[in-house]
Each structure stands twice: as structure tokens, then as C-alpha cells.
Amino acid sequence: MLAFIGTLIVGLIVGLIARAIKPGDDSMGWIMTIVLGILGSLVAGYIGRFFGWYQPGQPAGWIASVVGAIILLFLWGMIRKRS
């Protein structure tokens, strides 16, 4: 249970950082921000570890998580414009 809460907190932080860095209006609620951060962290974590760029717990993982979340923000924006 504690790990789940930690994941939500990290997801929120990563999502907020990504939304602050990416220019433009990203009107979404807290839930979507958390989901965005968690998904960005997961995708960046798996890719980074697969290629051997970093190990879990290294600062590069945080940076990659934010980059992953920014990429997801751009994709989310493109999907929303189509609908």
C-alpha cells in the first residue's frame, strides 16, 4: 500500500514538472496529471533500463521520466485535437 501511494506521489510530481516545462494549455485534472506522470515514468524506466542507460534510483531516471511525460503530453494534445 505504501509503495502504491509513493508511486502516485512520484507520478504527480513528474506530471506537474512535465506540464510546467511543456508550453501551451494542457487543461486536465489531477487524475490525468498523475496518470501522465506514472505512464511517463514507466515508459522511460523500461526503455532506459532496456538500453542500459541507467539503473533504478539514479537521477537520470527522474529526468527520463519527465521527458517521457512531456512526450505523452504532446501525444495527448494531438489526440485531443483530432476529436
| remark: For residue 31, the lone unmet condition from (1) over 19 Å from residue 6 (Cα atoms); (2) among the aliphatic types (A, V, I, L, M); (3) surrounded by fewer than 12 Cβ atoms within 10 Å (Cβ to Cβ) is (1)
| said: Condition first: free of Cβ contacts under 8 Å to residues at least 40 places away in the same chain and closer than 16 Å to residue 74 by Cα. Now tell me which residues in segment 1-25 satisfy that. | reply: 16, 20, 23, 25
| field | Identity of the residue in segment 6-21, under 9 Å from the mean Cα position of the chain (by Cα) and among the small types (Gly, Ala, Ser), that ends up surrounded by the fewest Cβ atoms within 10 Å (Cβ to Cβ) | value | 11
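Conditions tested, residue by residue: (1) under 24 Å from residue 5 (Cβ atoms); (2) loosely packed, with under 12 Cβ neighbours inside 10 Å.
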position: 36; (1), (2): yes, no
position: 41; (1), (2): yes, no
position: 50; (1), (2): no, yes
position: 56; (1), (2): yes, yes
position: 66; (1), (2): yes, no
position: 75; (1), (2): no, yes
position: 78; (1), (2): no, yes
| Any idea which residue in segment 31-83 is farthest from residue 8 (Cα to Cα), counting only those that are modelled with pLDDT under 85 and not in a helix (DSSP H, G or I)? | 83
| note | When residue 24 is run through (1) surrounded by fewer than 17 Cβ atoms within 10 Å (Cβ to Cβ); (2) modelled with pLDDT of 85 or more, the failure sits at (2)
| Taking the condition within 21 Å of residue 78 (Cβ to Cβ) and not in a helix (DSSP H, G or I), does residue 28 pass? | yes
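The values are calculated or read from the model by the stated rules, or taken from the named source; none is laboratory data. All values derive from a computational prediction rather than experimental measurement. Please note: Cβ atoms are built from the backbone with ideal geometry, for glycine as well, and neighbour counts cover all protein chains shown.
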